[in-house]
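A.B. asks: Input: one structure, supplied below.
The values are calculated or read from the model by the stated rules, or taken from the named source; none is laboratory data. Nothing here was measured: the structure is a model prediction, and the numbers come from that model. Positions of Cβ are backbone-derived with ideal geometry, glycine not excepted, and every protein chain shown enters the neighbour counts.
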Ligand code: GAR
């Protein structure tokens with residue numbers, strides 16, 4: 001029944017602030033959106049993003065992360081129950097296992113605050129500044145069983161100025177993130 005509109009049932013996973021969730025929600029409410037956000041899932045009770053989910057009347061739950069196995073078992077059940085076709089990781093700070101990725105067996109997207117393959121993992125902005133890079137940026141990629149290594153869907157650069165600090169760079173990159181995540185979703189799904 002859900003499929004009749006052609007929109008993919010999407011779950012967004014968050015751990016904190018949720019500004020990328022907000023940009024995906026905004027996109028999902030446009031007429032031409034290719035996704036319907038059916039569920040927001042957080043591993044953190046205090047995630048601010050849950051407030052946006054509630055405001056937007058999107059079903060949301062917290063799954064406590066006591067260990068990876070129990071978290072992923074519960075996650076898979078919830079995803080299946082809600083007929084989720086696509087997962088968007090949006091500041092979700094836990095690593096999903098290869099086993100989970102295989103079992104879910106549908107696309108999982110992630111947004112990462114660097115020009116991958118540079119600076120996988122954490123602390124990307126300070127590392128780019130320390131290495132005196134001229135550019136940083138953001139990447140949307142498919143999640144596979146290696147950290148921040150799956151196929152790149154979309155990437156956008158931003159110039160690093162001499163005056164930039166980790167904080168100011170983070171702000172600039174975040175602005176780009178909000179633009180490219182919906183665009184990457186469109187790019188991925190428009191070819192479906
Ligand atoms: C974003 O910068 C996102 O790219 C990054 O966390 C931030 C979450 O912000 N994700 C990662 O570092 C994943 N490894 P948000 O909660 O406001 O969207």
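A.B. asks: It is to be established whether one or more residues within region 131-140 are away from the ligand (no atom under 14 Å from the Cβ), in contact with a strand residue (DSSP E or B) (Cβ under 6 Å, 6 or more places away or on another chain) and either at pLDDT below 95 or outside any loop (DSSP other than H, G, I, E, B) (or both).
C.D. replies: yes
A.B. asks: So which residues in region 133-155 are buried (at least 18 other Cβ atoms within 10 Å of the Cβ) and over 14 Å from the mean Cα position of the chain (by Cα), if there are any at all?
C.D. replies: Within region 133-155, 136, 137 qualify.
A.B. asks: Residues in region 101-124 that are touching a strand residue (DSSP E or B) at 6+ places or on another chain (Cβ under 7 Å) and within 13 Å of the ligand (Cβ to nearest atom): how many?
C.D. replies: 9
A.B. asks: Out of curiosity, is residue 51 more than 16 Å from residue 189 (Cα to Cα) and either surrounded by fewer than 18 Cβ atoms within 10 Å (Cβ to Cβ) or under 17 Å from the mean Cα position of the chain (by Cα) (or both)?
C.D. replies: Here the answer is yes, as residue 51 does meet what is asked.
A.B. asks: Within region 156-192, how many residues turn out to be out of contact with any strand residue (DSSP E or B) (no Cβ under 9 Å at 6 or more places or on another chain), part of a loop (DSSP other than H, G, I, E, B) and in contact (Cβ under 8 Å) with a residue 12 or more places away in the chain?
C.D. replies: The total comes to 1.
A.B. asks: Could you check, for region 55-71, whether at least one of its residues is assigned to a loop (DSSP other than H, G, I, E, B) and within 13 Å of the ligand (Cβ to nearest atom)?
C.D. replies: The answer is no; no qualifying residue exists.
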